[in-house]
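Let me begin by presenting the structure, written as structure tokens, before commenting on it.
The values are calculated or read from the model by the stated rules, or taken from the named source; none is laboratory data. Computed from a predicted structure; not experimentally measured. Glycine also receives a Cβ, built like all others from the backbone with ideal geometry; neighbour counts cover every protein chain displayed.
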Amino acid sequence: MHRLFKVLGSEQRLKLLRHLLQVDGPICYCELEGVIDRDRSVIYRHLKKLEEVGLLKTERVGKRVECEVRDEERVRSLLKLAEELTYKEVNYSES
């Protein structure tokens, strides 16, 4: 559980997850370069961490590595929770 929340603690990984939820079907890692302003290697590391905690599934198709969200309902719930916690944290710190 600790690893899951640690992985979700990165805004970049949350952006990647949000994007993947909007895509219909698997997408190549290389097509995610414009989602966050990072090098391909950094994006790969973020995606690997998401895969390690069970949020993504990947498959090698020829030279391409494609990924997609493993359980959309679960990921949507986790993203909603992350947004709620961030909102509460911001409001608490402003008080």
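General observations
- Exactly one residue out of Glu73, Glu52, Glu84 is at pLDDT 95 or above, closer than 16 Å to Ser10 by Cα and surrounded by fewer than 13 Cβ atoms within 10 Å (Cβ to Cβ): that is Glu52.
- In the set (1) in contact (Cβ under 8 Å) with a residue 60 or more places away in the chain; (2) under 11 Å from the mean Cα position of the chain (by Cα), the condition left unmet by Gly9 is number (1).
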